[in-house]
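The values are calculated or read from the model by the stated rules, or taken from the named source; none is laboratory data. All of these numbers come straight from a predicted model, not from anything done at the bench. Methodologically, a virtual Cβ is constructed for each residue, glycine included, from the backbone with ideal geometry; neighbour enumeration extends over all protein chains shown. Only protein heavy atoms, including side chains, enter the accessible area calculation; ligands, DNA and RNA are left aside. Shrake-Rupley method; radii C 1.70, N 1.55, O 1.52, S 1.80 Å.
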Amino acid sequence: MIIEVLNTLGIVAFSVSGALKGEKHKLDIFGIVVLGVITAVGGGIIRDVVLNQVPDSIIQERDAYLAVFIAIVSYIVYHDKLEGKLSNIIKVSDAAGLAAFTVIGAQKGLGNDLGLLGVSIMATLTGVGGGVLRDMLVNEIPFILKEDVYAFLCLIGGGVYWGGIKLGFSEALMMNTVMISIFIIRIMAIMFNLQLPSKGRLKHADS
Amino acid sequence: MIIEVLNTLGIVAFSVSGALKGEKHKLDIFGIVVLGVITAVGGGIIRDVVLNQVPDSIIQERDAYLAVFIAIVSYIVYHDKLEGKLSNIIKVSDAAGLAAFTVIGAQKGLGNDLGLLGVSIMATLTGVGGGVLRDMLVNEIPFILKEDVYAFLCLIGGGVYWGGIKLGFSEALMMNTVMISIFIIRIMAIMFNLQLPSKGRLKHADS
Amino acid sequence: MIIEVLNTLGIVAFSVSGALKGEKHKLDIFGIVVLGVITAVGGGIIRDVVLNQVPDSIIQERDAYLAVFIAIVSYIVYHDKLEGKLSNIIKVSDAAGLAAFTVIGAQKGLGNDLGLLGVSIMATLTGVGGGVLRDMLVNEIPFILKEDVYAFLCLIGGGVYWGGIKLGFSEALMMNTVMISIFIIRIMAIMFNLQLPSKGRLKHADS
């Protein structure tokens, strides 16, 4: 199923991003693995904790093991040159993960009878929560507060998913539509360097 | 009801404080809205998560929508001059929010059969949790660790509320007494610059 | 019972470590008490929240009161010279706490039917969660990401506990074996300055 594939790509990409952040801050192997795992499964854990459920990734451990493995591989093979060569693969995987995580979060929110804002927040927590934890742990201001198109896609994606289901469209249709849209928009945002408006650059507003 | 009014004032004031913090760190509009919402409803979310309940503000979305709206307004109308002019209104609203949030947290704690310390902690989490999350997200040491009268009021307010109920006073009486006391003491603390003792200024101890 | 003694030593040592961190950052008495309590009981709270239970330390308040008391005492008696004199006592108590907290976390994980990785994560959250919160609050990169043998002991300890129980050994045996092993290894790690491998010092790898 497409969501399984994208989710797996996302776990891999998020774990790599955590490991690379750990390398940047010169952490030891244990710190790097911790950052990798937290980045990969932290968003889902925050979402489940807020929804008052024992986190999926603690019970069904496959994703967490995968994240550990990928972080260790990242640690072993890491060198600056490789990072440059792989950077496009990482970005595409990251966009895949964002798309899958957003839809998974929105589904969880709907399954708990949340409204529009609640579903959007669950989608966003799932999509960006891991990255926020990662940045807070290494004492950086979380990227979503700076590079906002990222979280904005989760929020809108969650809202569109909620709206589609409420309008009677099938779950499979909404899932694939939202996932593919987020993936494509995210890739285009990277290629064309799109950003939300901020003071002084209000002209190319996209919201 | 008075608690509704104070709670709404608090949501507004806390959202504004989050948005202003975002402006200070030059965040984009999305980051500013995120900070505003987290400051306004984050304390209640932490409290509900610790108490093992799905957060009120995720289910009943009124407060979260209000916080989003206020943060957007703050972003649009913000300029340095205005901040100075509105600073007293913001401070009074903030004190109202602190008073309402503390009592709401204490009520939740009592409703879960917590003891003195548990109720005081729930009151404090509700009152200052949002501000702590806000400061951690922008990489500042949380203000309550520095400007301590603020959290101290929550802690004592929660304890007094617990004691009053245990002594048989009515909920309405304790609610209004604690709320009004916190509000007045907070305003006076700002006017007269009261602080808890720290090394080297032990003379004006107030605990 | 030995676990009670070690747990109490741990609460004391963790509260002292939080209070000392507060002194270092020149916090007021309230901030110091907050840091002391969070360091002492924060790990258990994170664990219980993830496991979807109301935290022990909120309901049964003994540990939290003890942590408040110890933090206040630390604040009153603190001066640089004393810290040096007590440093060995603090380190031994800290190792005792790490050992007790790890086993308590592993027991909780097993009681919730978690697998190997889940039990190890619960052990680690309990052992190091409080220290991570402490460091995040004062804006330092958490020590476990830097000084990794510490968290590594929790992780392995949790895994060994899980394995022993699954192999049919008694709870009492596993509890004491894991606790005493962690305590001794931690003390030796301090005495001989053991570390996990990081780039450039891969020779004395111990994983």
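For region B:76-111, filtered to residues that are of a type in the set (V, I, T) and in contact with a Ser or Thr (Cβ under 8 Å, 6 or more places away or on another chain), the residue that is surrounded by the most Cβ atoms within 10 Å (Cβ to Cβ) is B:T102.
The residues of region C:142-176 that are part of a loop (DSSP other than H, G, I, E, B) and open to solvent by less than 30 Å² (accessible area, probe 1.4 Å), listed by number, are C:P142, C:D148.
Restricting region C:36-61 to residues that are open to solvent by less than 10 Å² (accessible area, probe 1.4 Å) and facing chain B (nearest Cβ under 7 Å) leaves a set whose member that is nearest to C:V77 (Cα to Cα) is C:I58. B:T39 meets all of the listed conditions (1) within 16 Å of the chain's Cα centre (by Cα); (2) among the polar types (S, T, N, Q); (3) over 23 Å from A:P142 (Cα atoms) but one, namely (3).
Here region B:1-35 is the region considered, the condition is being of a type in the set (D, E) and over 20 Å from B:V92 (Cα atoms), and the residue that is surrounded by the most Cβ atoms within 10 Å (Cβ to Cβ) is B:D28.
Checked against (1) under 16 Å from the mean Cα position of the chain (by Cα); (2) of a type in the set (A, V, I, L, M); (3) at pLDDT 85 or above, C:I32 passes all but a single condition, namely (1).
Checked against the criteria, A:M179 does not count as surrounded by fewer than 20 Cβ atoms within 10 Å (Cβ to Cβ) and not in a loop (DSSP other than H, G, I, E, B). Scanning region A:112-141 for residues that are under 20 Å from B:I59 (Cα atoms), facing chain B (nearest Cβ under 8 Å), assigned to a helix (DSSP H, G or I) and open to solvent by 20 Å² or more (accessible area, probe 1.4 Å) yields A:L116, A:L117, A:I121.
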